[in-house]
1. Condition (residue is within 20 Å of residue 14 (Cβ to Cβ), modelled with pLDDT of 85 or more, in a helix (DSSP H, G or I) and of a type outside the set (Phe, Trp, Tyr)) applied to the range 119-127: is it met by at least one residue?
2. Report, by residue number, each residue of the range 175-197 that is within 19 Å of residue 17 (Cα to Cα) and either free of Cβ contacts under 8 Å to residues at least 12 places away in the same chain or open to solvent by 50 Å² or more (accessible area, probe 1.4 Å) (or both).
3. Could we say that residue 56 is over 22 Å from residue 175 (Cβ atoms), without any contact (Cβ under 8 Å) to a residue 24 or more places away in the chain and within 20 Å of the chain's Cα centre (by Cα) here?
4. Within the range 137-148, can one find any residue that is modelled with pLDDT under 90 and open to solvent by 10 Å² or more (accessible area, probe 1.4 Å)?
5. Enumerate the helices (runs of 4 or more DSSP H) found wholly within the range 1-116, keeping only those where 3 or more residues are among the β-branched types (Val, Ile, Thr) and open to solvent by 20 Å² or more (accessible area, probe 1.4 Å).
6. Taking only the range 34-62 into account, find how many residues are touching a helix residue (DSSP H, G or I) at 6+ places or on another chain (Cβ under 7 Å) and over 26 Å from residue 177 (Cβ atoms).
7. Residue under question is residue 172, and the condition is that it be surrounded by fewer than 16 Cβ atoms within 10 Å (Cβ to Cβ), farther than 28 Å from residue 3 by Cβ and out of contact with any Ser or Thr (no Cβ under 6 Å at 6 or more places or on another chain); does it hold?
8. Here is a list: 198, 170, 183. Which entry is out of contact with any strand residue (DSSP E or B) (no Cβ under 7 Å at 6 or more places or on another chain), among the small types (Gly, Ala, Ser), more than 23 Å from residue 14 (Cα to Cα) and assigned to a helix (DSSP H, G or I)?
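The values are calculated or read from the model by the stated rules, or taken from the named source; none is laboratory data. Quantities reported herein were computed from a predicted structural model and do not represent experimental measurements. Here the Cβ positions follow ideal geometry from the backbone for every residue, glycine too, while neighbour counts run over all protein chains shown. For the accessible areas, the whole protein counts, side chains as well, though only heavy atoms, and no ligand, DNA or RNA atoms are used. Shrake-Rupley method; radii C 1.70, N 1.55, O 1.52, S 1.80 Å.
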Amino acid sequence: MKKKKLINWLCLSGILSVIFYLLHDIIGAINYPGYNWMSQAVSDLTSTDAPSFIIARGYSSIYGIFSCLCCALICILINNEKSKLFKIGVYLFSIMNYISAIGYSLFPLSSAGYDGSIQSFIHVYIITTLVVMLSIISLISIAVGSLKGKEKHKLLGILSIISLLLMFIGAVGSQNVSKDIFGLIERFSTYSAVIFTGILGIYGFTIKND
């Protein structure tokens, strides 16, 4: 087995990003009296008036740092890949992560749910729209580029399709289910992108460097 370089090991920051996102969800909920993860969105935990704001925001910020680091390293490692579609997909997914990390930090919900404020409007209708659109386009590009490319990319292509399907289930389902399970269905969307970042991190760890 070829010796791994530092950049490969640092790609495992994608796994750390998944862990810290999960911690922001779990520990944030613990510090939010009355919070119901089945019916409330993850973003409620970091709304500026939430009792969990400080601690959840802390874990969320660390998640953002690790996810952006992982994506930046992956972009460097795939520089020699022949599939342009695959590379475009990874680049767009990385841009999505940066928009998500920076945008949601600058414009958290001002109150749980949607209160109609400018800050919440930007959070819900601008940043979220950009994140969703980039996620869909990037995952489709990665899937097609992977399945048409090298054999070693086939699994990544299949996993990107699964992530895309879960994202659609979350996006469409959260608009059509009862409020009692809104939070559960919405998490299909949010966690699909988060976990796929972790998957890319593992992929980056396996890439051979010349």
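1. no
2. Scanning the range 175-197 gives 188, 195.
3. The answer is no for residue 56.
4. Yes, the range 137-148 contains a residue that is modelled with pLDDT under 90 and open to solvent by 10 Å² or more (accessible area, probe 1.4 Å).
5. Fully inside the range 1-116 and qualifying: 13-30, 53-77, 84-106.
6. Of the residues in that region, 6 qualify.
7. Yes: the conditions hold for residue 172.
8. Numbers: 198 fails: more than 23 Å from residue 14 (Cα to Cα); 170 fails: more than 23 Å from residue 14 (Cα to Cα).
Going through 198, 170, 183 in turn, the sole match is 183.
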